[in-house]
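Reading through the structure tokens given below for one structure.
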Amino acid sequence: MNTTTLTPVTVRARGVTKSYATGGGADAGVQALRGVDLDIAEGAFLAVMGPSGSGKSTLMHCLAGLDRPTSGTITIDDTDITALSERRRTDLRRDRIGFVFQQYHLLSELNGSENILLPLRLAGRRPDPDWLESVVSALHIGDQLHRRPSELSGGQQQRVGIARALAARPAVVFADEPTGNLDAASGRDVLEFLRHSTREFDQTVVMVTHDPVAASYADRVVLLLDGRVSGELQAPTTESVLGTLRELRG
Ligand code: ADP
């Protein structure tokens, strides 16, 4: 590839603010985001870090179209999601966005493959068997798909959760502390797969994490402080993330 070729931007945030009303009359409320600009390139693995209360969840909810910013714009693959009606935003989430949760959120009555296929089924979409086969094989869960979540380890459940998130080939996968519930070895497998999905499938992944080891798997770390981007690291290592977090704490 020509080095001057620009990688397309999958998610673009411009001047994003979010205030929550706190109820008191003249009270300005809580300003959770105070003007965030962010470009997330196609196929990037981005980690979002920052102290508790810095706005990570609010930013992720706005970027994923779960919540609407107070001002500013967010585009996903050139669609301005801040201009969409509630209904169209719901459709866009279903069709273009995958979610991975700390607590997996699998349905206990369904086996692995039923869980993976559920969002597609709800959307009335036909699965792409070749794509699903690539994902399931890269996640090493091919022999676990007939099992229900209670018959799987935490790491296996999370890998099923990731297959579910990727099943519809979304524009972007948002992962909220995906390794927060896992032992170190299972966490590593999950992070290695997330990184693999960006390299091999050109999947764009945004992960919120507290863990500098988890963040070191990303290509880039964005640090939030008081609702603003206060810094970023390219090609992070556990040590560089720890160092930057230390500086942030002063
Ligand atoms: P983080 O994920 O980094 O811990 P959050 O995005 O959850 O940060 O919160 C940012 C700020 O917004 C905090 O001060 C928090 O108390 C406030 N906040 C978050 N959600 C709400 C809400 N629904 N109503 C009122 N305040 C909120």
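The values are calculated or read from the model by the stated rules, or taken from the named source; none is laboratory data. If you're wondering where the values come from, they're calculated on a predicted model, not measured in any experiment. So basically every Cβ, Gly included, is an ideal-geometry build from the backbone, and we count neighbours across all protein chains shown. Just the protein is used for accessible areas: all its heavy atoms, side chains included, with ligands, DNA and RNA removed. Shrake-Rupley method; radii C 1.70, N 1.55, O 1.52, S 1.80 Å.
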Does D37 satisfy the criteria of being without any contact (Cβ under 8 Å) to a residue 24 or more places away in the chain, open to solvent by 80 Å² or more (accessible area, probe 1.4 Å) and within 29 Å of R220 (Cα to Cα)?
no
Checked segment 232-243 for anything farther than 19 Å from T10 by Cβ, without any contact (Cβ under 8 Å) to a residue 60 or more places away in the chain and not small (G, A, S); matches are L233, T237, T238, E239, L242
S52 - would you say it is under 23 Å from L233 (Cα atoms), of a type outside the set (D, E) and open to solvent by 50 Å² or more (accessible area, probe 1.4 Å)?
yes
Identify, by number, the condition in (1) in contact with a helix residue (DSSP H, G or I) (Cβ under 7 Å, 6 or more places away or on another chain); (2) open to solvent by less than 20 Å² (accessible area, probe 1.4 Å); (3) within 24 Å of S186 (Cβ to Cβ) that I74 doesn't meet.
(3)
Could you give me the residue pairs with C-beta distances under 6 Å whose first residue belongs to segment 204-231 and is within 17 Å of L242 (Cβ to Cβ), whose second residue is away from the ligand (no atom under 16 Å from the Cβ) and part of a loop (DSSP other than H, G, I, E, B) wherever it lies, and which are 6+ apart or on separate chains?
A214/T179; A215/P236; S216/P236; S216/T237; V221/P236
Please indicate, with yes or no, whether at least one residue in segment 119-128 is open to solvent by less than 50 Å² (accessible area, probe 1.4 Å), closer than 19 Å to T198 by Cα and in contact with a Lys or Arg (Cβ under 7 Å, 6 or more places away or on another chain).
no
